[in-house]
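The values are calculated or read from the model by the stated rules, or taken from the named source; none is laboratory data. Just so it is clear, the model here is predicted, and its values are computed rather than measured. Virtual Cβ from ideal backbone geometry, glycine too; neighbours counted across all protein chains shown. Heads up: the accessible areas ignore ligands, DNA and RNA and are worked out on the full protein's heavy atoms, side chains in. Shrake-Rupley method; radii C 1.70, N 1.55, O 1.52, S 1.80 Å.
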Amino acid sequence: MDPQHLSLLAITFVAAIVNGALGYGFSSITVPIALLFLTNRVLNPALVPIEVALNAYVLWVNRASFPNVWRRVFPIVIGLLPGVIVGTAVVSQVNPGWLKFWTFLTLLPLILLQAAGYRRPLKSERSIGLGFGVGVGVLYSVTTISGPPLAVMLSNQGFTKRDFRAALGFIRLAESSFTAVAYAWAGLYSVESLGLVPYIIPSIAIGVPIGAALIQRIRPETFRRVCMSFDAWIVAFGLSNLVKDLHLIESNLAFLILLVVGALDTLLLYRFFTVQLPTVKRAEALGRMQGAPADP
(Lines give C-alpha, C1' and ligand atoms only; values in the text may rest on other atoms or scores of the structure.)
Protein backbone atom coordinates (compact mmCIF):
# COMPACT_ATOMS: atom_id res chain seq x y z
CA MET A 1 0.00 0.00 0.00
CA ASP A 2 1.58 3.30 -1.13
CA PRO A 3 1.34 6.55 0.89
CA GLN A 4 -1.45 7.91 -1.36
CA HIS A 5 -3.70 4.90 -0.78
CA LEU A 6 -2.84 4.81 2.92
CA SER A 7 -3.78 8.50 3.21
CA LEU A 8 -7.07 7.89 1.40
CA LEU A 9 -7.85 5.00 3.76
CA ALA A 10 -7.28 7.20 6.83
CA ILE A 11 -9.20 10.18 5.39
CA THR A 12 -12.26 8.13 4.42
CA PHE A 13 -12.29 6.40 7.80
CA VAL A 14 -12.58 9.74 9.61
CA ALA A 15 -15.14 10.94 7.05
CA ALA A 16 -17.21 7.78 7.53
CA ILE A 17 -17.33 8.41 11.30
CA VAL A 18 -18.65 11.93 10.61
CA ASN A 19 -21.24 10.56 8.17
CA GLY A 20 -22.37 7.92 10.64
CA ALA A 21 -22.85 10.58 13.29
CA LEU A 22 -24.53 13.35 11.27
CA GLY A 23 -26.07 11.53 8.30
CA TYR A 24 -23.85 13.52 5.93
CA GLY A 25 -20.27 14.75 5.75
CA PHE A 26 -18.47 11.89 4.02
CA SER A 27 -17.59 13.89 0.90
CA SER A 28 -17.32 17.17 2.82
CA ILE A 29 -14.39 15.72 4.77
CA THR A 30 -12.90 13.42 2.12
CA VAL A 31 -12.83 15.71 -0.91
CA PRO A 32 -11.00 18.82 0.42
CA ILE A 33 -8.15 16.66 1.79
CA ALA A 34 -7.99 14.10 -1.02
CA LEU A 35 -7.90 16.85 -3.66
CA LEU A 36 -4.51 17.83 -2.24
CA PHE A 37 -3.08 14.76 -4.02
CA LEU A 38 -5.82 13.65 -6.47
CA THR A 39 -7.87 15.36 -9.20
CA ASN A 40 -11.67 15.62 -9.39
CA ARG A 41 -11.69 13.39 -12.47
CA VAL A 42 -10.01 10.56 -10.57
CA LEU A 43 -11.60 11.04 -7.14
CA ASN A 44 -15.23 11.79 -8.05
CA PRO A 45 -15.99 8.59 -10.01
CA ALA A 46 -14.61 6.53 -7.10
CA LEU A 47 -16.82 8.29 -4.53
CA VAL A 48 -20.15 8.57 -6.37
CA PRO A 49 -21.10 4.84 -6.59
CA ILE A 50 -20.14 4.41 -2.93
CA GLU A 51 -22.31 7.39 -2.00
CA VAL A 52 -25.29 5.80 -3.77
CA ALA A 53 -25.10 2.89 -1.34
CA LEU A 54 -24.31 5.13 1.65
CA ASN A 55 -27.25 7.46 0.97
CA ALA A 56 -29.59 4.52 0.38
CA TYR A 57 -28.60 3.25 3.83
CA VAL A 58 -29.30 6.66 5.43
CA LEU A 59 -32.74 6.81 3.79
CA TRP A 60 -33.55 3.22 4.80
CA VAL A 61 -32.66 3.83 8.44
CA ASN A 62 -34.93 6.92 8.47
CA ARG A 63 -37.66 5.46 6.21
CA ALA A 64 -40.38 6.00 8.82
CA SER A 65 -40.05 9.78 8.31
CA PHE A 66 -39.99 9.61 4.50
CA PRO A 67 -43.80 10.14 4.09
CA ASN A 68 -43.47 13.36 6.11
CA VAL A 69 -40.83 14.96 3.88
CA TRP A 70 -40.84 13.72 0.30
CA ARG A 71 -43.45 16.19 -0.99
CA ARG A 72 -41.59 19.13 0.56
CA VAL A 73 -38.23 18.25 -1.00
CA PHE A 74 -39.46 16.81 -4.32
CA PRO A 75 -38.97 20.16 -6.18
CA ILE A 76 -35.29 20.02 -5.15
CA VAL A 77 -35.02 16.46 -6.52
CA ILE A 78 -36.55 17.55 -9.84
CA GLY A 79 -34.01 20.38 -10.12
CA LEU A 80 -31.09 18.03 -9.49
CA LEU A 81 -31.18 16.37 -12.92
CA PRO A 82 -30.38 19.38 -15.14
CA GLY A 83 -27.81 20.51 -12.58
CA VAL A 84 -26.07 17.13 -12.64
CA ILE A 85 -25.93 17.19 -16.46
CA VAL A 86 -24.26 20.62 -16.43
CA GLY A 87 -21.85 19.65 -13.66
CA THR A 88 -20.81 16.43 -15.39
CA ALA A 89 -19.99 18.41 -18.53
CA VAL A 90 -17.84 20.74 -16.42
CA VAL A 91 -15.90 17.83 -14.88
CA SER A 92 -15.31 16.39 -18.35
CA GLN A 93 -13.95 19.57 -19.91
CA VAL A 94 -12.46 21.97 -17.34
CA ASN A 95 -8.72 21.94 -16.53
CA PRO A 96 -8.16 19.88 -13.30
CA GLY A 97 -6.24 22.68 -11.56
CA TRP A 98 -8.92 25.26 -12.19
CA LEU A 99 -11.62 22.73 -11.29
CA LYS A 100 -9.99 22.25 -7.88
CA PHE A 101 -9.77 26.04 -7.47
CA TRP A 102 -13.48 26.61 -8.16
CA THR A 103 -14.37 23.62 -5.97
CA PHE A 104 -12.56 25.11 -2.97
CA LEU A 105 -13.79 28.63 -3.72
CA THR A 106 -17.41 27.44 -3.76
CA LEU A 107 -17.13 25.25 -0.68
CA LEU A 108 -15.48 27.76 1.63
CA PRO A 109 -18.41 30.21 2.10
CA LEU A 110 -20.88 27.31 2.40
CA ILE A 111 -18.82 25.73 5.18
CA LEU A 112 -18.42 29.05 6.99
CA LEU A 113 -22.18 29.72 6.74
CA GLN A 114 -22.90 26.38 8.39
CA ALA A 115 -20.18 26.98 10.97
CA ALA A 116 -21.79 30.32 11.81
CA GLY A 117 -25.12 28.57 12.46
CA TYR A 118 -26.90 30.62 9.76
CA ARG A 119 -30.69 30.37 10.01
CA ARG A 120 -33.19 32.17 7.79
CA PRO A 121 -36.38 30.22 6.95
CA LEU A 122 -37.64 30.55 3.36
CA LYS A 123 -41.32 31.33 2.86
CA SER A 124 -41.59 30.19 -0.79
CA GLU A 125 -40.16 26.73 -0.19
CA ARG A 126 -41.56 25.06 -3.32
CA SER A 127 -40.73 27.84 -5.77
CA ILE A 128 -37.18 28.19 -4.48
CA GLY A 129 -36.67 24.43 -4.27
CA LEU A 130 -36.37 23.90 -8.03
CA GLY A 131 -33.62 26.49 -8.52
CA PHE A 132 -31.88 25.34 -5.37
CA GLY A 133 -31.94 21.78 -6.71
CA VAL A 134 -30.26 22.86 -9.94
CA GLY A 135 -27.47 24.55 -7.99
CA VAL A 136 -27.00 21.57 -5.69
CA GLY A 137 -26.95 19.23 -8.71
CA VAL A 138 -24.13 21.23 -10.31
CA LEU A 139 -22.21 21.43 -7.03
CA TYR A 140 -22.54 17.72 -6.28
CA SER A 141 -21.63 16.45 -9.75
CA VAL A 142 -18.54 18.70 -9.80
CA THR A 143 -17.38 18.14 -6.20
CA THR A 144 -19.49 15.18 -4.84
CA ILE A 145 -20.29 17.58 -1.95
CA SER A 146 -23.75 18.89 -1.12
CA GLY A 147 -23.98 18.44 2.65
CA PRO A 148 -23.25 22.05 3.73
CA PRO A 149 -25.88 23.80 1.54
CA LEU A 150 -28.46 21.06 2.14
CA ALA A 151 -27.87 21.17 5.90
CA VAL A 152 -28.32 24.96 5.92
CA MET A 153 -31.48 24.72 3.79
CA LEU A 154 -33.18 21.90 5.72
CA SER A 155 -32.22 23.29 9.13
CA ASN A 156 -33.64 26.67 8.16
CA GLN A 157 -36.94 25.07 7.22
CA GLY A 158 -37.50 23.59 10.68
CA PHE A 159 -37.23 19.87 9.94
CA THR A 160 -37.11 17.67 13.02
CA LYS A 161 -34.02 15.51 13.55
CA ARG A 162 -35.52 12.38 11.97
CA ASP A 163 -37.27 14.29 9.16
CA PHE A 164 -34.00 16.13 8.48
CA ARG A 165 -32.13 12.83 8.03
CA ALA A 166 -34.87 11.34 5.84
CA ALA A 167 -35.02 14.42 3.61
CA LEU A 168 -31.23 14.53 3.37
CA GLY A 169 -31.06 10.83 2.52
CA PHE A 170 -33.73 11.17 -0.19
CA ILE A 171 -32.10 14.18 -1.88
CA ARG A 172 -28.58 12.78 -1.68
CA LEU A 173 -29.65 9.36 -2.96
CA ALA A 174 -31.25 11.07 -5.97
CA GLU A 175 -28.24 13.30 -6.70
CA SER A 176 -25.69 10.49 -6.33
CA SER A 177 -27.78 8.14 -8.51
CA PHE A 178 -28.22 10.79 -11.23
CA THR A 179 -24.50 11.57 -11.09
CA ALA A 180 -23.48 7.89 -11.25
CA VAL A 181 -25.47 7.51 -14.48
CA ALA A 182 -24.21 10.81 -15.92
CA TYR A 183 -20.58 9.87 -15.21
CA ALA A 184 -21.08 6.54 -17.00
CA TRP A 185 -22.63 8.34 -19.97
CA ALA A 186 -19.68 10.79 -20.09
CA GLY A 187 -17.13 7.98 -19.81
CA LEU A 188 -15.56 9.30 -16.61
CA TYR A 189 -15.06 5.94 -14.91
CA SER A 190 -11.48 4.70 -15.26
CA VAL A 191 -9.26 1.94 -13.94
CA GLU A 192 -7.46 4.52 -11.78
CA SER A 193 -10.72 5.73 -10.21
CA LEU A 194 -12.16 2.26 -9.61
CA GLY A 195 -8.82 1.23 -8.12
CA LEU A 196 -9.50 3.59 -5.21
CA VAL A 197 -12.75 1.87 -4.24
CA PRO A 198 -11.19 -1.07 -2.30
CA TYR A 199 -9.43 1.45 -0.04
CA ILE A 200 -12.66 3.34 0.70
CA ILE A 201 -15.22 0.59 1.38
CA PRO A 202 -13.53 -0.85 4.52
CA SER A 203 -13.36 2.65 6.02
CA ILE A 204 -17.10 3.10 5.54
CA ALA A 205 -17.97 -0.36 6.86
CA ILE A 206 -16.08 0.32 10.09
CA GLY A 207 -16.43 4.09 10.43
CA VAL A 208 -20.19 4.58 9.95
CA PRO A 209 -21.22 2.34 12.93
CA ILE A 210 -18.58 4.04 15.08
CA GLY A 211 -20.02 7.45 14.20
CA ALA A 212 -23.58 6.30 14.92
CA ALA A 213 -22.48 5.11 18.38
CA LEU A 214 -20.32 8.18 19.03
CA ILE A 215 -23.10 10.69 18.41
CA GLN A 216 -25.08 9.15 21.27
CA ARG A 217 -22.41 10.44 23.66
CA ILE A 218 -21.67 13.85 22.09
CA ARG A 219 -23.98 16.80 21.50
CA PRO A 220 -24.69 16.71 17.72
CA GLU A 221 -24.34 20.48 17.23
CA THR A 222 -20.96 20.51 18.99
CA PHE A 223 -19.73 17.59 16.89
CA ARG A 224 -20.97 19.23 13.68
CA ARG A 225 -19.36 22.54 14.58
CA VAL A 226 -15.95 20.97 15.21
CA CYS A 227 -16.17 19.06 11.91
CA MET A 228 -17.01 22.25 10.02
CA SER A 229 -14.08 24.02 11.67
CA PHE A 230 -11.73 21.28 10.50
CA ASP A 231 -13.22 21.49 6.99
CA ALA A 232 -12.78 25.26 6.83
CA TRP A 233 -9.06 25.05 7.64
CA ILE A 234 -8.47 22.27 5.08
CA VAL A 235 -10.32 24.10 2.30
CA ALA A 236 -8.50 27.36 3.09
CA PHE A 237 -5.14 25.55 2.99
CA GLY A 238 -6.00 23.91 -0.34
CA LEU A 239 -7.19 27.22 -1.79
CA SER A 240 -4.01 28.99 -0.67
CA ASN A 241 -1.86 26.36 -2.37
CA LEU A 242 -3.90 26.49 -5.58
CA VAL A 243 -3.77 30.28 -5.78
CA LYS A 244 0.02 29.98 -5.69
CA ASP A 245 0.21 26.99 -8.09
CA LEU A 246 -2.05 28.70 -10.63
CA HIS A 247 0.16 31.83 -10.41
CA LEU A 248 -2.71 34.04 -9.30
CA ILE A 249 -0.44 35.13 -6.45
CA GLU A 250 3.24 34.38 -6.94
CA SER A 251 4.46 34.61 -3.35
CA ASN A 252 3.61 33.21 0.07
CA LEU A 253 1.06 36.04 0.35
CA ALA A 254 -1.33 33.39 -0.99
CA PHE A 255 -1.41 31.95 2.53
CA LEU A 256 -3.14 35.10 3.75
CA ILE A 257 -6.31 33.24 2.70
CA LEU A 258 -5.51 30.57 5.28
CA LEU A 259 -4.75 33.17 7.95
CA VAL A 260 -7.97 35.12 7.33
CA VAL A 261 -10.15 32.00 7.31
CA GLY A 262 -8.36 30.67 10.40
CA ALA A 263 -8.99 33.92 12.27
CA LEU A 264 -12.65 33.98 11.22
CA ASP A 265 -13.17 30.35 12.17
CA THR A 266 -11.48 30.86 15.53
CA LEU A 267 -13.87 33.75 16.18
CA LEU A 268 -16.86 31.58 15.21
CA LEU A 269 -15.64 28.76 17.47
CA TYR A 270 -15.21 31.18 20.37
CA ARG A 271 -18.71 32.56 19.79
CA PHE A 272 -20.18 29.06 19.66
CA PHE A 273 -18.59 27.78 22.86
CA THR A 274 -18.99 30.99 24.89
CA VAL A 275 -22.39 32.28 23.68
CA GLN A 276 -24.42 29.85 21.58
CA LEU A 277 -23.77 26.58 23.42
CA PRO A 278 -24.32 28.00 26.96
CA THR A 279 -27.57 29.59 25.74
CA VAL A 280 -28.82 26.24 24.43
CA LYS A 281 -27.82 24.47 27.66
CA ARG A 282 -29.66 27.06 29.77
CA ALA A 283 -32.79 26.68 27.62
CA GLU A 284 -32.64 22.89 27.96
CA ALA A 285 -32.17 23.12 31.74
CA LEU A 286 -35.13 25.50 31.99
CA GLY A 287 -37.23 23.15 29.88
CA ARG A 288 -36.42 20.21 32.14
CA MET A 289 -37.29 22.25 35.23
CA GLN A 290 -40.66 23.08 33.68
CA GLY A 291 -41.28 19.44 32.80
CA ALA A 292 -40.67 19.79 29.06
CA PRO A 293 -38.97 16.85 27.29
CA ALA A 294 -35.27 17.37 26.69
CA ASP A 295 -34.08 17.70 23.10
CA PRO A 296 -32.48 14.37 22.12
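Here the dipole of the stretch 38-149 is about 320 debye; that uses its Cα centre as origin and unit charges on the Cβ of Lys and Arg (positive) and Asp and Glu (negative). Looking at the chain, the accessible area is 47 square angstrom per residue; that uses a 1.4 Å probe and ignores ligands, DNA and RNA. Please state the shape class of the stretch 80-205: rounded when a/c is under 1.5, otherwise prolate if a/b exceeds b/c and oblate if not, all from the C-alpha gyration tensor. Note, shape of the stretch 80-205 comes out prolate. Here the Kirkwood formula, the inverse mean of 1/r across different C-alpha pairs, assigns the stretch 142-186 a hydrodynamic radius of 11.4 Å.
Using Cβ point charges alone (K and R +1, D and E -1), the dipole size of the chain about the Cα centre works out to roughly 1120 debye. Comparing Val152, Ala16, Tyr140 along the charge dipole axis of the chain, the residue lying farthest to the positive side is Val152, per the Cβ-charge model. Note on the chain: with neighbouring protein chains present and a 1.4 Å probe, carbon and sulfur make up 70 percent of its accessible heavy-atom surface.
Summary value for the chain: 31 percent relative contact order, contacts being C-alpha pairs under 8 angstrom separated by 6+ residues.
Screening the chain for whole DSSP H helices of 30 Å or more along their axis (Cα) with average Kyte-Doolittle hydropathy at least 0.5 returns 40-61, 66-93.
In the assembled protein chains, Val48 presents an accessible area of approximately 0 Å² (probe radius 1.4 Å).
Residues His247, His5, sorted by accessible area with the largest first, give His247, His5 [1.4 Å probe; ligands and nucleic acids excluded]. In terms of its C-alpha gyration tensor, the stretch 155-296 has an oblate overall shape, because the principal axis ratio a/c (a ≥ b ≥ c, square roots of the eigenvalues) is not below 1.5 and a/b does not outweigh b/c.
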